[in-house]
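**Q** Below you'll find the structure I mean.
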Amino acid sequence: MRHGPAVRRRKLGEELRRQRALAGLTSGEAAGRVGWHQSKVSRIETGRSAAKPADVVLLLDAYRVRDLELRQLLLALAEGVASGPRIWWSSYRDLLPPAYRDFISLEAEATGMRTLETTVVPGLLQTPDYARCVTSAALGSAARGRQVEALVDVRLARQTVLHGSRPLLLHAVLDEAVLRRKVGGPEVMAEQLRHLVEVGRLPHVRLQVLPFDSGVHIGVTGPFVIFSFSHGADLDVVVLDHLTSTLYLERKEDLRAYGEAFTTLEAGALPHDASLELIAAISARA
């Protein structure tokens, strides 16, 4: 299993290696241009060493990369922010495990997200009360009021990726069980379902429901997330979340398999408009 930060380093290294190749440079020539030893370039490209934002800027300048969007993406992968301020989740660093911090970072940097959920509403679509109930259940006996509220704050802050001038393109396939499971009582659930319909009307959000009568489907093995980035599949990653760990998949064969699985699920689910109608109908009866 690879943990999140290792995936970030690997993704960054792969793209920096690709940009070096496009510039027609060997690793030794690249090192000479920026005043490093060749081994440092190699360690960064293979993900063995983390690249600081300043290192990334030096390399991109050496490779004459002018694409502003690509530069910002690679700086973000190096945990830098082009405009200078600290990333918002830094203040929660002591509360969030590294894998979750990395998930949030990938989510913030991605241009697209495809997700299958079989149990609960995706975090980006949860209301505060629903998020509070889910978080308390996930923590179990270890749940403490202040900790729960802080984690709910994080979940709600994550939802800013759905707003702004360049929002995340979200495509979520939800098993009908997600809509039927009573979380937090009738009022909480009714509010959550109404919120789903409201968010589902955003032009960059597509919701589809897998109805019970569709029978068994490929998603019974569990939920997953596919993050996509504007500069192609080389930076895409699949995330599988488990009770005690998070698994990041980056091999092309894994990306292909999960991409095909999502396409199959999409084809078997209700269309977007029909899904919103079903959600609204269930909400009215909640």
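The values are calculated or read from the model by the stated rules, or taken from the named source; none is laboratory data. From a predicted model like this one, the values you see are computed outputs, not experimental measurements. Quick reminder, even Gly has a Cβ in these numbers, built from the backbone with ideal geometry, and neighbours come from all protein chains shown. We work out accessible area using only protein heavy atoms, side chains counted, and drop any ligands, DNA or RNA first. Shrake-Rupley method; radii C 1.70, N 1.55, O 1.52, S 1.80 Å.
**Q** Quick check on Gly24: is it modelled with pLDDT of 85 or more, of a type in the set (Gly, Ala, Ser) and not assigned by the TED database to the domain that holds Phe229?
**A** Considered against the rule, which asks whether it is modelled with pLDDT of 85 or more, of a type in the set (Gly, Ala, Ser) and not assigned by the TED database to the domain that holds Phe229, Gly24 comes out as yes.
**Q** Tell me which residues, restricted to the stretch 187-210, are open to solvent by 20 Å² or more (accessible area, probe 1.4 Å) and farther than 17 Å from Pro128 by Cβ.
**A** Listed by number, the residues that qualify are Arg201, Leu202, Pro203, His204, Arg206.
**Q** Would it be correct to say that Leu156 is farther than 17 Å from Tyr92 by Cα and of a type outside the set (Gly, Ala, Ser)?
**A** For Leu156, the condition - farther than 17 Å from Tyr92 by Cα and of a type outside the set (Gly, Ala, Ser) - is not met.
**Q** While we're on this one: What pairs can you find where one residue is in the stretch 8-26 and free of Cβ contacts under 8 Å to residues at least 12 places away in the same chain, the other is open to solvent by 70 Å² or more (accessible area, probe 1.4 Å) and assigned to a helix (DSSP H, G or I), and their Cβ atoms are less than 9 Å apart, with a gap of 6+ or different chains?
**A** If the second residue must be open to solvent by 70 Å² or more (accessible area, probe 1.4 Å) and assigned to a helix (DSSP H, G or I), the pairs left are Thr26/Gln38.
**Q** Any residue in the stretch 137-159 that is under 18 Å from Leu106 (Cα atoms) sitting within a Cβ distance under 8 Å of a residue that is buried (at least 17 other Cβ atoms within 10 Å of the Cβ) and of a type in the set (Asp, Glu)? List the pairs, counting only those 6 or more apart or interchain.
**A** Cβ pairs passing all conditions: Arg158/Glu107.
**Q** Let me ask you something else. Hey, among the residues in the stretch 272-286 that are open to solvent by 80 Å² or more (accessible area, probe 1.4 Å) and at pLDDT 95 or above, which one's farthest from Glu176 (Cα to Cα)? Reasoning before the result, please.
**A** Restricting attention to the stretch 272-286, the residues satisfying the condition of being open to solvent by 80 Å² or more (accessible area, probe 1.4 Å) are 273, 277, 284-285.
Keeping just the survivors that are at pLDDT 95 or above gives 273, 277.
Working: Asp273: 15, Glu277: 13 Å.
Only one residue tops the list, namely Asp273.
**Q** Evaluate the stretch 88-104: report whether one residue or more is assigned to a helix (DSSP H, G or I) and of a type in the set (A, V, I, L, M).
**A** Residues of the stretch 88-104 assigned to a helix (DSSP H, G or I): 88-92, 98-104.
Next cut, of a type in the set (A, V, I, L, M) only: 99, 104.
Within the stretch 88-104, one or more residues are assigned to a helix (DSSP H, G or I) and of a type in the set (A, V, I, L, M).
**Q** Mind listing whichever residues of the stretch 19-62 are more than 30 Å from Trp89 (Cβ to Cβ) and assigned to a loop (DSSP other than H, G, I, E, B)?
**A** Ala23, Gly24, Leu25, Thr26, Gly35, Trp36, His37
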